[in-house]
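> Dropping the structure in here first, questions after.
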Amino acid sequence: MNLKSLSSEELADYLTALGLPKYRSNQIFAWIYRRKVCSWEAMTDLPLELRRFLEDKGVSLGCLPVVSQVRDAGGAVKYLFGLDDGETVEAVYLPEANRKTVCFSTQVGCGMGCLFCATGQRGMVRNLTPAEIVEQPLRISVLTGARINSLVAMGQGEPLANYDSLLKAVEIINDPRGMGIGARHITVSTCGIIPGIERLAREKYQVNLAISLHGADDQLRDYLMPINRKYPLEPLLEACRDYISRTNRRITFEYTMIDGINDRPSDLANLIKLLSGMLCHVNLIPFNPVPNSEFRRSGKERIQKFAAGLNRAHIKTTVRKERGGTLAAACGQLQGKGSL
Ligand code: SAH
Ligand code: SF4
């Protein structure tokens, strides 16, 4: 049993079933998420026999060891965490003046096979458990001493292909008795799994939604992102419009700029046509090189032209500031290796 996979209510149920009073679960929850300890020994206000009992039962506090870490000049840090089965997973700390963001992973590898993505090249290995998701920002808050107040599910994996674990992790991370990070400060990025978007639109926890678009016509998107053959643009955009009308929330569309592939004037025209009139925001991501790929980043001028064209068409657009590039920790570069 890994306690970090349990919400506070589930923890109380679990401990009650072991014959413990409810206040013990509040104590243990606070030790895990407020004081962030990694051993039963550290929980000094619990009776010694109780600590021994839980330890002997093999109840895990779910702390993950750091296998390696690399830091760039701007203070971004990429951590490689070791998992119990020998796999590893990455998360990235991205500090700004007021915002301390953790970019976390939801799977080891990813099965979606997007052509431009290093994680996709590796293929799907396995889903992360809620505990393994929750632990990433929690451990990074200990390692950096920072108060993490923003989370993005933009590390390895497709979050909506691991929906139940993701939502359980959001519930635990959101709990004011623990980390207390509001759903509005959590962004989930998806390659466009329509059933997942439909479920998210109906959830109690209303996280921010980002859609990886990268192509504005089906032919191009089929080529870049195989998932488009299953969930093409028209129904995807319909699901987005429905999400917006149910939640009243703006969607972010991510668009990686790849030289000569999706940055032509016709691509800009298609994108404008696709998104006009929607409550949305476009985030242009300069393509980050990945191994074994001939794709190259669009030129600066081309990217600026795209942004200007979209803004002129009243589609609010920003160009993503580069972070973590020197760490091989930027978008799409996470492969689970942790090396530079
Ligand atoms: N699987 C999810 C979230 C992880 S990827 C998704 O695809 O949305 C996070 C973002 O990085 C996505 O928008 C993804 O399309 C983008 N990305 C992937 N590879 C990239 C690359 N090589 N350069 C720039 N962005 C990339
Ligand atoms: Fe998976 Fe996202 Fe990479 Fe596509 S871009 S392969 S969905 S991690």
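> Got a number for residues in the stretch 244-286 being in contact with a Leu (Cβ under 6 Å, 6 or more places away or on another chain) and either at pLDDT below 95 or under 18 Å from Leu209 (Cα atoms) (or both)?
6
> Inside the stretch 102-128, can you point out the residues that are of a type in the set (S, T, N, Q) and either in a strand (DSSP E or B) or closer than 21 Å to Asp164 by Cβ (or both)?
Here is the first cut: in the stretch 102-128, the ones of a type in the set (S, T, N, Q) are 105-107, 119, 121, 127.
Within the stretch 102-128, Ser105, Thr106, Gln107, Thr119, Asn127 qualify.
> Still on this structure, I have one more. Based on what the data block shows, is Lys36 part of a helix (DSSP H, G or I), under 17 Å from Met179 (Cβ atoms), basic (Lys, Arg) and modelled with pLDDT of 95 or more?
Numbers: part of a helix (DSSP H, G or I): no; under 17 Å from Met179 (Cβ atoms): yes; basic (Lys, Arg): yes; modelled with pLDDT of 95 or more: yes.
Against the criterion (part of a helix (DSSP H, G or I), under 17 Å from Met179 (Cβ atoms), basic (Lys, Arg) and modelled with pLDDT of 95 or more), Lys36 does not qualify.
> How about the stretch 92-127: which of its residues are among the aliphatic types (A, V, I, L, M) and more than 30 Å from Tyr223 (Cβ to Cβ)? Before the answer, list the steps.
Taking the stretch 92-127 and keeping what is among the aliphatic types (A, V, I, L, M), we get 92, 94, 97, 102, 108, 112, 115, 118, 124-125.
Result: Leu94, Ala97, Val102.
> Is at least one residue of the stretch 270-283 touching a Lys or Arg at 6+ places or on another chain (Cβ under 6 Å) and either β-branched (Val, Ile, Thr) or within 17 Å of Cys117 (Cβ to Cβ) (or both)?
Scanning the stretch 270-283 turns up at least one residue that is touching a Lys or Arg at 6+ places or on another chain (Cβ under 6 Å) and either β-branched (Val, Ile, Thr) or within 17 Å of Cys117 (Cβ to Cβ) (or both).
> Mind telling me which of the residues Cys110, Cys117, Cys103 ends up being within 13 Å of ligand 1 (Cβ to nearest atom), out of contact with any strand residue (DSSP E or B) (no Cβ under 7 Å at 6 or more places or on another chain) and assigned by TED's automatic domain parsing to the domain that holds Ile261? Outline the logic, then answer.
Details: Cys110 fails: out of contact with any strand residue (DSSP E or B) (no Cβ under 7 Å at 6 or more places or on another chain); Cys103 fails: out of contact with any strand residue (DSSP E or B) (no Cβ under 7 Å at 6 or more places or on another chain).
Step by step, each of Cys110, Cys117, Cys103 is checked, and only Cys117 is within 13 Å of ligand 1 (Cβ to nearest atom), out of contact with any strand residue (DSSP E or B) (no Cβ under 7 Å at 6 or more places or on another chain) and assigned by TED's automatic domain parsing to the domain that holds Ile261.
> Going through the stretch 305-324 one residue at a time, which ones are surrounded by 13 or more Cβ atoms within 10 Å (Cβ to Cβ) and closer than 25 Å to Ala76 by Cα?
Thr317, Thr318, Val319, Arg320, Glu322, Arg323, Gly324, listed by residue number.
> Still on this structure, please answer the following. Across the stretch 168-178, what is the number of residues that are away from ligand 1 (no atom under 16 Å from the Cβ) and either acidic (Asp, Glu) or surrounded by 22 or more Cβ atoms within 10 Å (Cβ to Cβ) (or both)?
Applying the first criterion (away from ligand 1 (no atom under 16 Å from the Cβ)) to the stretch 168-178 yields 168, 171-178.
Filter once more, so that each one left must be either acidic (Asp, Glu) or surrounded by 22 or more Cβ atoms within 10 Å (Cβ to Cβ) (or both): 171-173, 175.
Going through the stretch 168-178 one residue at a time, the tally reaches 4.
> For the stretch 185-231, which positions are within 15 Å of the chain's Cα centre (by Cα), away from ligand 1 (no atom under 12 Å from the Cβ) and either among the small types (Gly, Ala, Ser) or surrounded by 22 or more Cβ atoms within 10 Å (Cβ to Cβ) (or both)?
Ile186, Leu200, Val207
> Please go through (1) assigned to a strand (DSSP E or B); (2) near ligand 1 (Cβ under 10 Å from one of its atoms) for Leu160 and return the number of the only condition it doesn't satisfy.
(1)
> In the stretch 293-328, how many are more than 12 Å from ligand 1 (Cβ to nearest atom), at pLDDT below 95 and part of a loop (DSSP other than H, G, I, E, B)?
The total comes to 2.
> Just to be sure I understand, how many residues within the stretch 203-245 are in a loop (DSSP other than H, G, I, E, B) and away from ligand 2 (no atom under 13 Å from the Cβ)? Write out each step before concluding.
Let us first name the residues in the stretch 203-245 that are in a loop (DSSP other than H, G, I, E, B), namely 203-207, 213-217, 225-226, 231-232.
In the following step, the residues that additionally are away from ligand 2 (no atom under 13 Å from the Cβ) were identified as 203-207, 216-217, 232.
Summing the residues that are in a loop (DSSP other than H, G, I, E, B) and away from ligand 2 (no atom under 13 Å from the Cβ) in the stretch 203-245 gives 8.
The values are calculated or read from the model by the stated rules, or taken from the named source; none is laboratory data. Predicted, not measured: the structure shown is a model, and the values here were computed from it. Ideal geometry is used to build each Cβ from the backbone, glycine not excepted, and the neighbour counts take in all protein chains shown.
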